[in-house]
1. Hey, does the stretch 194-202 have a residue that's charged (D, E, K, R), touching a Leu at 6+ places or on another chain (Cβ under 9 Å) and either closer than 19 Å to residue 121 by Cα or at pLDDT 90 or above (or both)?
2. Taking the options 139, 170, name whichever one is over 20 Å from residue 243 (Cα atoms), open to solvent by 20 Å² or more (accessible area, probe 1.4 Å), out of contact with any helix residue (DSSP H, G or I) (no Cβ under 8 Å at 6 or more places or on another chain) and assigned to a helix (DSSP H, G or I).
3. In the stretch 148-177, what count of residues is obtained for those that are at pLDDT below 95 and of a type in the set (S, T, N, Q)?
4. I'd like to verify a number: residues in the stretch 102-128 that are under 19 Å from residue 215 (Cβ atoms) and part of a helix (DSSP H, G or I), how many?
5. Would you please name the residue that is surrounded by the fewest Cβ atoms within 10 Å (Cβ to Cβ), looking only at residues in the stretch 89-101 that are free of Cβ contacts under 8 Å to residues at least 24 places away in the same chain and part of a helix (DSSP H, G or I)?
6. Just checking, which of 190, 216 is part of a helix (DSSP H, G or I), at pLDDT below 85 and either open to solvent by 20 Å² or more (accessible area, probe 1.4 Å) or under 20 Å from residue 116 (Cα atoms) (or both)?
7. If we keep just the residues of the stretch 1-34 that are in contact (Cβ under 8 Å) with a residue 40 or more places away in the chain and not in a helix (DSSP H, G or I), which is least open to solvent (accessible area, probe 1.4 Å)?
Amino acid sequence: MAVDPIVLVAAGLLGLCVGSFLNVCIIRLPADMSLLTPPSTCPRCKQAIAWRDNIPVLSWLLLRGRCRRCGAPISPQYPIIEAAVGVIWVGAVLLYGVSLHALAAALFGSILLGIGVTDGRHYLIPDEYTWGGLVLALGLSLSGGGNGFLQAVLGAAAGFALLFAVARVGQWAFKEEAMGGGDIKMMAMVGAFVADWRKVLLTVFLGALLGSLIFVPLSLKKKRLVPFGVFLALGAAVTFVAGDAIIAWYLHFLHGE
């Protein structure tokens, strides 16, 4: 899809800013800290970071990854996350043009990235991602009128119910918690974005498949908890972009046409 380069630049810059905020979420939400106060500071010298040192990606490069005042290293996570979200926003516009669907894709991708990183590190999916994402998805679905909103609500209900059922069955079978509450709430948010019970099933299937292929081999020597949110996020991203094509292929294969 041909898109004006100026629009792509604008999308990229907006994505970089969203990525900067996402870094704040990734750092502060697991610690139950406010996202607004205090302002960003250097963890070593405790000095507030000036605006000129807080420009996404550029400031980190100019400072060579170190604090201007004390020279303490600044984690490369910051520019990596910022750049990744910038790419997500540009990609959304390239795929879907200047549209509300592109905005939904960009926001959904940003939230999934935050969930993946946070759950991978802390085995935690903060409610700010899930409930906040659910509200955004339902709000965006209103652009499709009453039917669009209804589909999003049904998708959210399907996502919540499916993971809730899996959690209860797993707890009964293994006599221990098999699914975290964060995963269940996450799938409500995912369901609202994909707005299709079939895509909810596909997301869970892809998440389980990717988890088995990637995580299980890494856990053979040492038993570890499964950060299922990481793999659900990957599955949800694939489903959002290619879910229709995958479902169509499966139905074609199933009926042997």
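1. Going through the stretch 194-202, the residues charged (D, E, K, R) turn out to be 196, 198-199.
Keeping just the survivors that are touching a Leu at 6+ places or on another chain (Cβ under 9 Å) gives 196.
Among the residues that remain, those that are also either closer than 19 Å to residue 121 by Cα or at pLDDT 90 or above (or both) are: 196.
Within the stretch 194-202 (the criterion being charged (D, E, K, R), touching a Leu at 6+ places or on another chain (Cβ under 9 Å) and either closer than 19 Å to residue 121 by Cα or at pLDDT 90 or above (or both)), the answer is yes, since at least one residue qualifies.
2. Values: 170 fails: open to solvent by 20 Å² or more (accessible area, probe 1.4 Å).
Of the residues listed, the single one that is over 20 Å from residue 243 (Cα atoms), open to solvent by 20 Å² or more (accessible area, probe 1.4 Å), out of contact with any helix residue (DSSP H, G or I) (no Cβ under 8 Å at 6 or more places or on another chain) and assigned to a helix (DSSP H, G or I) is 139.
3. The number of residues fulfilling the criteria is 1.
4. Of all residues in the stretch 102-128, those under 19 Å from residue 215 (Cβ atoms) come to 112-113, 115-125.
Keeping just the survivors that are part of a helix (DSSP H, G or I) gives 112-113, 115-122.
Within the stretch 102-128, residues that are under 19 Å from residue 215 (Cβ atoms) and part of a helix (DSSP H, G or I) number 10.
5. At the first step, the residues of the stretch 89-101 found to be free of Cβ contacts under 8 Å to residues at least 24 places away in the same chain are 91, 99, 101.
From what's left, part of a helix (DSSP H, G or I): 91, 101.
Values: 91: 19, 101: 15.
This residue is 101.
6. Values: 190 fails: at pLDDT below 85.
That would be 216, the only listed residue that is part of a helix (DSSP H, G or I), at pLDDT below 85 and either open to solvent by 20 Å² or more (accessible area, probe 1.4 Å) or under 20 Å from residue 116 (Cα atoms) (or both).
7. So the first thing to find is which residues in the stretch 1-34 are in contact (Cβ under 8 Å) with a residue 40 or more places away in the chain, and the list is 1, 3, 7-8, 11-16, 18-20, 22-23, 25-26, 29-30.
Then keep just the ones that are not in a helix (DSSP H, G or I); that gives 1, 3.
Working: 1: 142, 3: 29 Å².
The extreme case among them is 3.
The values are calculated or read from the model by the stated rules, or taken from the named source; none is laboratory data. In this text the structure is predicted, and so the values were computed from the model without any measurement. Every residue, glycine among them, receives a Cβ derived from its backbone with ideal geometry; neighbour counts consider all protein chains shown. Side chains included, ligands, DNA and RNA excluded: accessible areas come from the protein's heavy atoms. Shrake-Rupley method; radii C 1.70, N 1.55, O 1.52, S 1.80 Å.
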